[in-house]
1. On full extension of the chain, what length is gained from H86 through D126, given 0.36 nm per residue of separation minus the C-alpha to C-alpha distance?
2. Viscosity 1.002 mPa s, temperature 20 °C: give me the Stokes-Einstein translational D for the range 32-153 in µm²/s, with Rh taken as the Kirkwood radius over C-alpha pairs.
3. T89: net charge of surrounding residues, Cβ under 15 Å, Lys/Arg +1, Asp/Glu -1, itself excluded?
4. How do the peptides 46-57, 77-88, 94-105, 128-139 rank, highest first, by the average count of neighbouring beta carbon atoms within 10 Å per residue?
5. Under a plain spin-label model, where a point goes 7 Å from the Cα along Cα-to-Cβ, how far apart in nm are R40 and D95?
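Read-outs: derived from the displayed coordinates by stated rules, not from any lab. In this text, all values refer to a predicted model and were calculated from it rather than measured experimentally. Here the Cβ is made from the backbone with ideal geometry for all residues, glycine too, and neighbour counts use every protein chain on show.
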Amino acid sequence: MSTTTVPRVTTRRAPHAAADDTGWPQLVEAVRESGLYPTRSKAEEVTRTVLAALGTHVTGDERVDLARALPAEAARLIASQIPATHRLTAARFVDEVASRTPGATPATARWDVSSVLSTLPPLIGDDLVTRVLAQLPTGYALLFGRADLTPAS
């Protein structure tokens, strides 16, 4: 990921706010800058792929709150996924994203995942990120741009 500062996405919606997509272009632009993607189109493709994959692994109240905190288009991507029956490790999650992305390698998929997930904390808040991470297997914190201080089992 780039060493430049990721732009702060300032479209955080209150729970039960009207679903609009004013924040979607800002989210895609934040991903474009974070991942250094050459076009908005590429950043949007990556954002859609990663959020759809994430939507299969976040469940319960965290899934609802995540969808509420995101722009409407991102919320639809999260909410429209059928929850997975088992959680993937962070490495397997990256592999899943690679399998959904034509021409991707594990390295490019990891870049894509990190480019998207690291833009979420300023948008959804640290408390929700912490709750989402508590639901996922060890290793996802790094994908969200956080240090992973949980001991490996």
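1. Length gained between H86 and D126: 11.9 nm.
2. Roughly 149 µm²/s, to the nearest whole number.
3. 0
4. Highest mean packing first, the order is 46-57, 128-139, 94-105, 77-88.
5. 3.7 nm
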